[in-house]
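The values are calculated or read from the model by the stated rules, or taken from the named source; none is laboratory data. It should be emphasised that the depicted structure is a prediction, and the values quoted were computed from it without experimental measurement. As a convention, Cβ positions derive from the backbone with ideal geometry for all residues, glycine included, and neighbour counts pool all protein chains shown. Side chains are part of the model used for accessible areas, which takes the heavy atoms of the whole protein and leaves out ligands, DNA and RNA. Shrake-Rupley method; radii C 1.70, N 1.55, O 1.52, S 1.80 Å.
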Amino acid sequence: RRASDRVAALQCRMDELWRWTAGDLADAIRARRVSSRDAVRAALARIDAVNPAVNAVVSVQAERALAEADAADRAVARGEPLGPLHGVPVTTKVNVDQAGLPTTNGTVAFADLVAAEDAPVVANLRAAGAVIVGRTNTPSFSMRWYTDNELHGRTLNPFDASRTPGGSSGGAAVSVATGMVPVGHGNDGGGSIRYPAYCTGTVGLRPSFGRVPAFNGTAAGERPLALQWVSVQGAITRTVADARLALGAMIAPDPRDPWHVPVPLHGPSTGAPPAVAVSVDPVGEGVHPAVREAVRHAAAILADAGHPVVEADPPDVAGAARAWNDLAQGEARLTVGPAIAAHGDALARRAFELMMRRTPELDVPALMRLTASRATVLRRWQLFMVRHPLVLCPVATEPALPYGVDVGDDASVDRLYRSHAWLFATAFLGLPSVSVPTGLVGGVPMGVQVIGPRFREDLVLDAAAAIERACGTLAPIDPVRPAASGPSPDDPSFAR
């Protein structure tokens with residue numbers, strides 16, 4: 001009955017294909033109940049309808065997308081083998097190469113930096129059958145947790161325009177949250193998938209380091225070592241099932257990435273739901289009451305789903321977060337800093353200046369100590385995860401922050417860094433993690449983060465799916481222009 005009810009519900013929504021999940025679209029296209037052209041036309045119409053209010057998609061490839069949709073439909077008619085995202089509309093972020101289009105990275109100076117070939121993740125999406133309908137916004141040099149730049153403009157949070165949609169994959173998150181596409185490509189070097197997902201009520205999966213291949217031929221040279229370690233490619237979706245589907249589409253090997261590891265998506269069976277360590281405030285800096293309640297609620301859900309749940313803090317979250325900043329940002333001072341000074345817009349320069357005020361200047365011995373410390377902390381986490389394979393924690397310790405906190409003053413940037421400690425720590429360690437929504441507080445999305453062992457995205461997604469089943473989904477939505485009404489989640493009981 002459930003299957004028949006689902007089919008009936010989908011048939012009732014044939015005029016709203018933009019609401020469908022990637023999985024439902026792929027299944028319907030494969031079964032010839034829906035054409036890829038219809039799905040892509042619905043996505044393009046939705047972009048026309050809502051993108052002017054949020055500015056998430058900064059380049060639309062309508063003609064090419066429709067031609068690719070027609071080719072996808074012909075492949076179905078011929079009975080050819082079909083990929084997991086066959087005919088499904090998706091977006092890509094403007095900081096990865098897409099053949100024939102500029103890799104702007106949100107920067108005026110790169111507006112004409114046209115890629116000759118697809119980056120591995122873009123090539124893999126195409127090979128999986130996805131139809132790319134547009135490119136999404138990012139801050140200049142993708143260096144902020146706010147999506148705004150002088151080339152493409154500011155992306156607005158569709159739930160509350162006064163708050164950040166997150167960054168740097170804010171455009172991807174908003175394109176998914178507002179129904180423009182069911183899958184938005186993003187990347188995460190310090191929370192840039194998970195934080196936008198958290199801010200926009202979507203699902204953001206940061207895969208393990210080495211899981212999804214990466215390379216940009218337009219880059220002037222190799223990425224510096226810290227950026228190679230902490231930055232990964234991934235996806236933002238509206239459901240956990242679509243996150244799993246998108247991950248499977250993105251992981252095909254590519255010889256251009258020497259770090260890629262072709263590990264199966266499903267690891268050995270644990271036999272029973274794995275144990276979960278619940279950790280809310282190991283840094284001791286304070287957590288917003290709504291965030292604390294979201295973690296508590298998610299812990300109860302996982303316990304009801306059969307997971308052994310205990311309160312336990314993983315090793316040295318504060319130290320891992322600090323090491324992320326000192327290594328990744330300290331390296332950026334030397335590598336990206338001159339380019340930001342020469343080509344970054346005023347917002348990028350201001351944000352970078354404030355970041356550097358709290359980042360030590362690295363000499364060679366300090367760099368050696370920091371790179372070595374990663375193995376020490378990761379070893380301690382892996383030993384911890386023998387007992388507690390999953391960690392349930394906040395995505396950030398506050399709800400989506402007001403716009404512009406990272407370009408305010410030293411105190412406001414300190415607030416941002418306190419809020420983001422969990423995002424930084426997991427990026428430093430290269431562990432898989434997912435941001436999954438739990439509901440709304442004062443009209444603002446709330447969510448939690450699940451972290452797992454290396455290359456065990458399957459365990460992370462299984463736990464996230466249990467949370468989603470209990471809490472439901474928040475997207476797609478129509479953009480809300482004014483600030484959300486009701487009690488503000490900023491008021492005033494946030495304790496430090």
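Projected onto the charge dipole of the chain (+1 at Lys/Arg Cβ, -1 at Asp/Glu Cβ, origin at the Cα centre), which of SER419, MET355, HIS152 gives the Cα projection farthest towards the positive end?
Most positive-ward Cα: SER419.
Accessible area of the range 232-316 with a 1.4 Å probe: how many percent of it is carbon plus sulfur? Kindly include the intermediate steps, with their values, before the conclusion.
Working: 2240 of 3740 Å².
Its accessible area is 60 percent carbon and sulfur atoms.
With only alpha-carbon pairs counted, each pair once and no self-pairs, how large is the Kirkwood hydrodynamic radius of the range 74-176 in angstroms? Intermediate results must be reported in sequence, preceding the final value.
Values: mean 1/r = 0.0687 Å⁻¹.
Kirkwood hydrodynamic radius for the range 74-176: 14.6 Å.
Toward the positive end of the charge dipole of the chain, about the Cα centre and with charges on Cβ (Lys, Arg +1; Asp, Glu -1), which of SER433, SER59, VAL94 goes farthest?
Checking the options against the dipole of the chain, the answer is SER433.
So, with +1 on the Cβ of K and R and -1 on the Cβ of D and E, and no other charges, what is the size of the charge dipole of the range 300-457 about its Cα centre, to the nearest 20 debye? List each step's numbers first, then the result.
Values: 15 positive and 16 negative charges, 87 e Å.
Approximately 420 debye in magnitude.
For VAL480 and VAL108 in one chain, what is 0.36 nm times their gap in residues minus the Cα-Cα distance, to one decimal in nm?
Values: separation 372, 0.36 × 372 = 133.92 nm, distance 2.92 nm.
Between VAL480 and VAL108, full extension yields an extra 131.0 nm.
Suppose all protein chains stay in the model; what accessible area per residue would a 1.4 Å probe give for the chain, in Å²?
Numbers: 18210 Å² over 496 residues.
Computed with neighbouring chains in place, this is 37 Å² per residue.
If I compute solvent accessible area with a 1.4 Å probe over the protein chains, what percent of it on the range 322-362 is carbon and sulfur?
That fraction is 53 percent.
Could you state the number of Å between the C-alpha centres of the range 267-301 and the range 43-88?
37 Å
List the extent of the Cα atoms of the range 183-248 along each of their three principal axes, largest first, rounded to whole Å.
Rounded to whole Å, the extents work out to 36, 24, 20 Å.
Which trypsin sites (Lys or Arg not before Pro) does the range 58-133 hold that lie in a coil by DSSP with at most 15 other beta carbons within 10 Å?
Details: sites: ARG64, ARG74, ARG78, LYS93, ARG126; in loops: ARG78.
Hits after loop and neighbour filter: ARG78.
Two decimals, Cα atoms only, Kirkwood Rh: what is Rg/Rh over the chain?
Working: Rg = 21.0 Å, Rh = 22.3 Å.
Answer for the chain: 0.94.
Assuming 0.36 nm per residue, please report the length gained on full extension of the stretch GLU285 to GLU361 beyond their Cα-Cα distance.
On the way: separation 76, 0.36 × 76 = 27.36 nm, distance 2.50 nm.
Full extension from GLU285 to GLU361 adds 24.9 nm.
Given +1 on the Cβ of Lys and Arg, -1 on the Cβ of Asp and Glu, and no further charges, what dipole in debye does the chain carry about its Cα centre, rounded to the nearest 20? Working shown, then result.
Details: 47 positive and 49 negative charges, 160 e Å.
That gives the chain a dipole magnitude of about 760 debye.
As a test, work out the antiparallel percent of DSSP beta bridges whose residues both lie in the chain, rounded to the nearest 5. Mind showing how you got there, number by number?
Numbers: 28 of 41 bridges.
Once the DSSP bridges in the chain are tallied, antiparallel ones form about 70 percent.
Please compute the modelled spin-label separation between GLU293 and ALA342, points set 7 Å along Cα→Cβ, answer in nm with one decimal.
Each label point lies 7 Å from its Cα, and together they span 5.1 nm.
Divide by every residue of the chain the summed helix terms, -39500 (n - 2.57) for each DSSP H run of at least 4, and state the resulting mean residue ellipticity at 222 nm, rounded to the nearest 500 deg cm²/dmol. Before the final figure, lay out the partial values.
Working: 18 runs with 202 residues, N = 496.
Computed mean residue ellipticity for the chain: -12500 deg cm²/dmol.
Note down the relative contact order for the chain as a percent, whole number, built from C-alpha pairs under 8 angstrom at least six residues apart.
Details: 1169 pairs, mean separation 88.3, N = 496.
RCO, the chain: 18 percent.
Based on the mean of other Cβ atoms within 10 Å per residue, sort peptides 215-222, 24-31, 354-361 so the most packed one is first. Provide the component values of the computation, followed by the final result.
Working: 215-222: 13.1, 24-31: 21.1, 354-361: 15.1.
So the order, starting with the most tightly packed, is 24-31, 354-361, 215-222.
Can you bin every Cα-Cα distance in the range 240-359 into 5 Å intervals starting at zero and give me the percent of pairs per bin, rounded to whole numbers?
2, 8, 10, 10, 12, 15, 18, 14, 7, 3, 1, 0
Assuming R0 = 41 Å, can you tell me the calculated FRET efficiency for the pair GLN382 and ALA219, based on Cβ-Cβ distance, to the nearest 0.05?
On the way: r = 32 Å, r/R0 = 0.77.
Efficiency at R0 = 41 Å is approximately 0.80.
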